[in-house]
1. How many Å² of accessible area per residue for segment 251-357, probe 1.4 Å?
2. Please report, largest first and rounded to whole Å, the three semi-axes of the ellipsoid equivalent to segment 46-168, where each semi-axis is the square root of five times an eigenvalue of the C-alpha gyration tensor.
3. Using the Cα atoms of segment 1-64 to build a convex hull, what is its mean projected area in square nanometres?
4. Quick check on the chain: helices-only [θ] at 222 nm, where DSSP H runs of length 4 and up contribute -39,500 (n - 2.57) each and the sum goes over total residues. Nearest 500, please.
5. Among the aspartates and glutamates, which have Cα under 20 Å from the Cα of residue 164 when same-chain residues fewer than 8 positions away are ignored?
6. Tell me, what % of the accessible area of the chain is carbon and sulfur with a 1.4 angstrom probe?
7. With every protein chain kept in place and ligands, DNA and RNA left out, what is the accessible area per residue of segment 148-235? Probe 1.4 Å, answer in Å².
8. Using alpha-carbon positions, what is the distance between the centroids of segment 172-189 and segment 358-384, in Å?
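The values are calculated or read from the model by the stated rules, or taken from the named source; none is laboratory data. What you are looking at is a predicted structure, and each value in this text was computed from that prediction instead of being measured. Backbone-built Cβ (ideal geometry, glycine too); neighbour counts: all protein chains shown. For the accessible areas, the whole protein counts, side chains as well, though only heavy atoms, and no ligand, DNA or RNA atoms are used. Shrake-Rupley method; radii C 1.70, N 1.55, O 1.52, S 1.80 Å.
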Amino acid sequence: MNFNTKSFERWRWTIILVAFAALHAVIFIGIFPAGGPDMGLYYEYASKIGQGLLPYRDFAVEYPPGAFIIFYIPYLASHVMPLFSANFDGYSQAFSWLMLAFNIAGLYMVYDMARQAKLSPWSVLIGYTLAIAAIGSIAVQRFDLPPAIMMLAALWAFSRSRYKIAWGVLVVGGMTKIFPLALAPLFLLYQLWRGDLRKLLPSLAVCAGAAVVIAVPFLIVDAGGFFAAFTTQGGRDLQLESLYASLLLFADSLGIGNATPYQGPVSLDVASPLSASLARMSFVFMALGAFLMYGLYFRHLRKSGVRDLPRYGMPNDDLTQMINYSFAVVLVLILTSKVFSPQFILWLYPLFPLLSGRFRAALWGIFIVAACFTQYIYPVRYWDLVDKQVVMVWVLLLRNALLVLMVVLLAMERPEPDDLAQLSASTETAA
């Protein structure tokens, strides 16, 4: 390929990326309605910060400290930019633009990782677009998209062997909403198996330093409030859309159990003779599910037989397996948690188009259908589910069953012998 051909390809894909970014702008700003039930709470928090009040000390907050930045940026934009009005409506519009900015950053990263993983960039960009359309307006009405993109950014940096940056970004994401930290054991296992403890220590130092820089000011302000932001969710009851609740509601619809939705302190939950026990046991199931995924990933590393840490980017099989297991472990934690709010589907969204392997087509179809079901449940027919209408109970159960099937398919994925041979050869060549 000569210089002119390379230049043409670069410009061609630049134009394609700009076109996809414009399409996402139309979806986020022109189609998805701004606002939503939680936006008033975000606006209230941002207004208090704008008045000089400090989170945790001056007002109670159930979110980690990184979330305040996400809440405050639209407030600041609505007060300094003429594009937005300095009120709730302007704040909601600015929030949508902020979500769009994160989403477009994710668009570039999935494109770049697709090329590195030898996946079709076209298919990845189309999948990224189809998925956000299936998920719907909750993408601009909750703040879950930024930490999901931060998780993707950490994985992107890690795939380029920029381990210290990856760990730092992962901590920032975890301090915004805790789920990105689910990737930390995967990073740890990879660096330990491919390298040694001395090469891992700088990454862990950056990880600890980032956590200290973010946490210490808030610990000084109000340590109790800071820790409560991470533990409040643990005290919740069995949430209506969780896997456990869907099974209880299904049994109730068959007349072999009793499950009653009710308004809990934070969300709509389900009460039944088994709900309290399942809520307590959910922590055990989460731990077992996560350890199973980490164990399967470590088995893959051992089977590869390669022990050298790559200097310039992850080999193809390393990257695809890291993506698959990252998606799988986050999904397992969602399914085994006693809380499965509709916005949790956004946690999976940036990684979804990068899934690969024998079952890629099936995984894509399942996720798109599950995302459509999630949007149909909330906001379209949520109160019908609260009323225990049989159709909605079945839709919820089917959505959760499809996601369980995704975990099964990902766990069944095995690298082919040719892939392992190529991985070994590519690592030896790099060395």
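1. Heavy-atom SASA per residue in segment 251-357 reads 39 Å².
2. They are 31, 19, 12 Å, listed from largest to smallest.
3. 8.0
4. -23000 deg cm²/dmol
5. Partners found: 112, 196, 308, 318.
6. 68
7. The answer is 41 Å² per residue.
8. Computed from Cα coordinates, the inter-centre distance equals 25 Å.
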